[in-house]
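Student: Quick one: the structure is below, questions incoming.
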Amino acid sequence: MSAVRCIDLCKTYRQGDVDIKALDHLSVDIEKGEFVCLMSPSGGGKTTLLNAIGGLDIPDSGEVWIAGERIDQMSKGELADLRLANIGFVFQAYNLIPVLTAQENVEFVMQVQGVRAAERREKSFAILEEVGLKGLETRRPAEMSGGQQQRVAVARAIVSRPELVLADEPTANLDSKTSTELMELFTELNENHNTTFVIATHDQRVQAYAKRLVRMLDGRIVDDIEQHAA
Amino acid sequence: MQMFFVLSRLAWRYLWRNHRRTIVMLSAIAVGTWAMIFMTALTRGMVDQMIVDGISVIPGHVQIHDPEYLDDPSVNNRVAFSDTELATRFGDAGFTAWAARVRVPAVVTSERESRGITLLGIDPAAEKSFSFVDYDNVDGRFLEGPNDKGIVLGAKLADTLETRVGKRVVLMSQDPDNEIADRGFRVVGLFHAEMETTEESYAFVGKHTAQNMLRIGDTVSEVVFLGEDYRDVEPVYSKVVGLVDDSVRVSRWTEVDTYLGTMMGMMDGFMLIWVIVIFLALSFGLVNTLVMAVFERIREIGLMLALGMKPSSILGQILIESMMLLAVGLAIGDLLAWATIKPLESGIDISVVAKGMEMFGAASVLYPNLDIDDVILSNVVVMILGFLASLSPAWRASRYEPVEAITKV
């Protein structure tokens, strides 16, 4: 069973008088445990594809299946449950909740999932240590650097061990050292926990870690190749 | 429960994210709540006093009359109980107080003026519990017994009649045969009342003296009873009903003085309207605060939705935020109201405007009454209306599409 299956996806946005095809009859299968990198120039459709896979955006036509469940016809509540249980998100702009501390941000998803306080605390401390943020647990996002914030976002995305992690330009605001550390963390999770990663990026360094490169242009897949990761 | 805790923590943190806005809104809610409760306490105090004064002067809590008396309060419609019979029926029944009185319309004439009045023939000892007159604060003296041959007028009436203590006036009414019943009285005292209209309307003579003048033997116009609380007269009413037969009519004070009865009901309605009016003014600020609070965190709402929080939880978060804001504002407003009303419970002198107040029966000293039911009413109404007013911004927040919200700049 595929971790992600997209069949004939179409999505058109209207910008002024112009229709822009973000997804143009796109189909793709991603198996469990794959480490996939989506690449395209700006406007190529990779973020739209990620949003469709994550149930954040509904395609105009076509089907999206996650872990054997068709999600493009689900209600908002069902999609929320699916994201909560199965998908970890890492966004380009960190996207932390500013009124919560680093630890509370990491615990947020687990709290919504209903995980017990002691377990949450234990896991959040462990994951923050794993991403190199030990000692910064009580800091709020405004008190951390961009790299630290992104690591908190990554910690939040992976702390509950989702089957699928979707990352949109996760290294766009990071320096090269932090980017490397982040990608090594992703690789470790992929290899040790069989977590499926789908990462949309321009970053050549990120592409080097991927086992599969999917190149997109104008909403279509133009190249789909396996490679040996770095 | 865990979700409620999560939402509450988020709501509380977001509330204090913009301290200044929250403090301004809290101040508005607190002042609004204070105004609601303070005005309600003043009005409640005024109405309570009007009712208590009104009941003391006329109806007591329960009365008995001839069945025709309330329609035609003339000397023909009397309670045919003798003094002995009255004492037998009611003397040991355990009433807080009771009194039998003659009460008829009459004309009082001095050598210069005449005025229509209500003549009360009373036993001063029995009447003391009902009377608005402070027996010790009378110019001259008050009546000394049911056989007293003097008359006590209101100070204002004496002014109008251009008479004074020691002078004589003539009382004129009708006897049961519709013949003129009149008699000269020496003015022995002038009483003072909170309201000038009361001073102008009543004259007191001894009960037996009045009975003799009106040639009605030992019958009376009415017997009045006092219970513990004018708001709950049913125990007294039931007791009186059990002690009399169908030859008399037993009435609660609200039936005898429909104006006061209606006023008490109207007061509750007025307070509800007052609370709602204040809240409507507050609601603009509340809704604006919530709309702004939602607007400035659209991205974060999108993020929460993207992470798997359900729209209903977003709705709950905004509503909890609103309820917290209201609860804190109400608590401050309640405290403020308590702190300002308590020191004023000994009375506020409004004599400057007392003449105007008298037109609707209020006294010149207001005693604010902080009634816990009024506080609860205003708090509950504000919370319920606040909840309803918050629904719109909360609903809008929960309807955001995560992908659109998360990309908002």
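Since every read-out is calculated from the coordinates, none of them should be taken as a lab result. Here the structure is a predicted model, which means the values were calculated and not measured. Don't worry about glycine lacking a Cβ; one is built from the backbone with ideal geometry, like all the others, and counts go over all protein chains shown.
Student: I'd like the distance between the alpha-carbon centres of segment A:136-214 and segment B:2-35, rounded to an integer number of Å.
Tutor: Result: 36 Å between the Cα centres.
Student: Continuing with the same structure: What full-extension length gain, to one decimal in nm, is calculated for B:V170 and B:T96 as 0.36 nm per residue of separation minus the Cα-Cα distance?
Tutor: Extending this stretch completely gives an extra 23.1 nm.
Student: Can you tell me the orientation of helix B:234-243 relative to chain B, as the angle in degrees between its alpha-carbon axis and the longest Cα principal axis, to the nearest 10?
Tutor: 30 degrees
Student: I need the calculated FRET efficiency for the pair B:A281 and B:E404, taking r as the beta carbon distance and R₀ as 22 Å, to the nearest 0.05.
Tutor: E(calc), rounded to 0.05, equals 0.05.
Student: Another question, if that's okay. Quick one: which residues, 5+ away or cross-chain, put their amide H under 5 Å from the amide H of A:R215? H built at 1.01 Å from N.
Tutor: Under 5 Å from the amide H of A:R215: A:M39, A:V222, A:D223, A:D224, A:I225.
Student: Taking amide H atoms as placed 1.01 Å from N in the peptide plane, list the residues 5 or more away in sequence, or in a different chain, whose amide H sits under 5 Å from that of A:I71.
Tutor: For A:I71, whose amide H was placed from the backbone, the distant partners under 5 Å are A:V64, A:W65, A:I66.
Student: Moving on to the next point. Express as a percent, rounded to the nearest 5, the fraction of DSSP beta bridges in the protein assembly as shown (both residues included) that run antiparallel.
Tutor: Restricted to the protein assembly as shown, the bridges split so that about 70 percent are antiparallel.
Student: Compute the acute angle (0 to 90°) between the alpha-carbon long axis of helix A:146-158 and the principal axis of greatest extent of the alpha-carbon atoms of chain A; round to the nearest 10°.
Tutor: The angle comes out near 80 degrees.
Student: Now for a separate question. Compute a Gaussian network model of chain B, connecting alpha carbons closer than 10 Å, and tell me which residue from B:K310, B:K128, B:K149 fluctuates the most.
Tutor: Evaluated over chain B, the most mobile residue of the options is B:K310.
Student: Let me know the charge dipole size of segment B:73-181 about its Cα centre in debye, to the nearest 20, where only the beta-carbon of Lys, Arg (+1) and Asp, Glu (-1) is charged.
Tutor: On the way: 13 positive and 17 negative charges, 45 e Å.
Around 220 debye, computed over segment B:73-181.
Student: For segment A:105-161, which trypsin sites (Lys or Arg not before Pro) are in a loop by DSSP, counting at most 12 other Cβ atoms within 10 Å?
Tutor: Answer in residue order: A:R116, A:K134.
Student: Quote the relative contact order of chain A in percent (integer), defining contacts as alpha-carbon pairs under 8 Å separated by 6+ residues.
Tutor: Computed over chain A, the figure is 29 percent.
Student: Quick one: Karplus J couplings for segment B:270-280, per residue in order, coefficients 6.51, -1.76, 1.60, θ = phi - 60°, nearest Hz, x for Gly and Pro?
Tutor: 4, 5, 4, 5, 4, 4, 5, 4, 4, 5, 4
Student: Say a paramagnetic label sat at a point 7 Å from the Cα of A:R70, along Cα to Cβ; which residues of segment A:1-17 have their backbone N under 15 Å from it?
Tutor: A:5-10
Student: From the backbone phi of segment B:67-82, what are the Karplus-calculated ³J(HN,Hα) couplings (6.51 cos²θ - 1.76 cosθ + 1.60, θ = phi - 60°) in whole Hz, Gly and Pro given as x?
Tutor: Using θ = phi - 60°, the values come out as x, 8, 4, 5, 7, 9, x, 9, 5, 5, 9, 10, 8, 8, 9, 6 Hz.
Student: Below 14 angstrom from the Cβ of A:D8, what's the summed charge of the other residues (Lys, Arg +1; Asp, Glu -1)?
Tutor: Charge balance in the 14 Å sphere: 0.
Student: In debye to the nearest 20, how big a dipole does chain B give about its Cα centre with +1 on each Lys and Arg Cβ and -1 on each Asp and Glu Cβ?
Tutor: 2440 debye
Student: I want to check a number: in segment A:9-155, how many lysine pairs have alpha carbons closer than 27 Å, given a sequence separation of 8 or more or different chains?
Tutor: The result is 11.
Student: Also, quick follow-up: How about segment B:220-327: which GluC sites (Glu not before Pro) there are in a DSSP loop, with at most 14 other Cβ atoms within 10 Å of their Cβ?
Tutor: Values: sites: B:E222, B:E228, B:E255, B:E296, B:E300, B:E321; in loops: B:E228, B:E296.
Hits after loop and neighbour filter: B:E228, B:E296.
Student: How are the Cα pair distances of chain B distributed, in percent, across 20 Å bins from 0?
Tutor: That works out to 23, 37, 21, 15, 4, in percent per bin.
Student: Here is a follow-up. Counting only C-alpha contacts under 8 Å and six or more residues apart, can you give the relative contact order of segment A:72-163 as a whole percent?
Tutor: Relative CO of segment A:72-163 lands at 44 percent.
Student: Cα axis of helix A:102-113 to longest principal axis of chain A: angle in degrees, 0 to 90, nearest 10?
Tutor: 60 degrees
Student: Taking the dipole about the Cα centre of the protein assembly as shown, with the C-beta of Lys and Arg at +1 and of Asp and Glu at -1, give me whichever of A:S42, B:L282, B:V244 is farthest to the positive side.
Tutor: Looking along the dipole axis, the top candidate is A:S42.
Student: If Lys and Arg each add +1 and Asp and Glu each add -1, what is the summed charge of the other residues whose beta carbon sits under 13 Å from the beta carbon of A:T196?
Tutor: Neighbourhood net charge equals 0.
Student: What is the sum of charges around B:N178, taking Lys and Arg as +1, Asp and Glu as -1, for the other residues whose C-beta is under 14 Å from the C-beta of B:N178?
Tutor: Around B:N178, the charge tally is -4.
Student: So, one more: Ordered by residue, what ³J(HN,Hα) values in Hz, to whole numbers, does segment B:31-39 give under the Karplus form 6.51 cos²θ - 1.76 cosθ + 1.60, where θ = phi - 60° and Gly and Pro are x?
Tutor: Residue by residue, segment B:31-39 yields 5, x, 5, 4, 4, 4, 6, 5, 5 Hz.
Student: Same structure again: Can you give me the long-range amide H partners of B:R103? Hydrogens built in the peptide plane at 1.01 Å from N, cutoff under 5 Å, separation of 5 or more residues or another chain.
Tutor: B:G121, B:S221, B:E222
Student: Something else now. Please give the charge dipole size of the protein assembly as shown, origin at the Cα centre, charges +1 on K and R Cβ atoms and -1 on D and E Cβ atoms. Round to the nearest 20 debye.
Tutor: 2080 debye
Student: Treating cross-link reach as a plain straight distance, find the lysines whose alpha-carbon is under 23 Å from the alpha-carbon of B:K149, omitting any fewer than eight places away in the same chain.
Tutor: Excluding near neighbours in sequence, the set is B:K128, B:K167, B:K207.
Student: A:E78 versus A:H193, label points 7 Å from Cα toward the beta carbon: distance in nm?
Tutor: For A:E78 paired with A:H193, the spin-label model returns 2.7 nm.
Student: Also, I was wondering about something else. Given an 8 Å cut-off on Cα distances and at least 6 residues of separation, report the relative contact order of segment A:140-219 as a percent.
Tutor: Relative contact order, segment A:140-219: 32 percent.
Student: Out of all Cα-Cα pairs in the protein assembly as shown, roughly what percent, to the nearest whole number, are more than 50 Å apart? Spell out each step's value before the answer.
Tutor: Values: 91244 of 203841 pairs.
Distances greater than 50 Å cover 45 percent of the Cα pairs.
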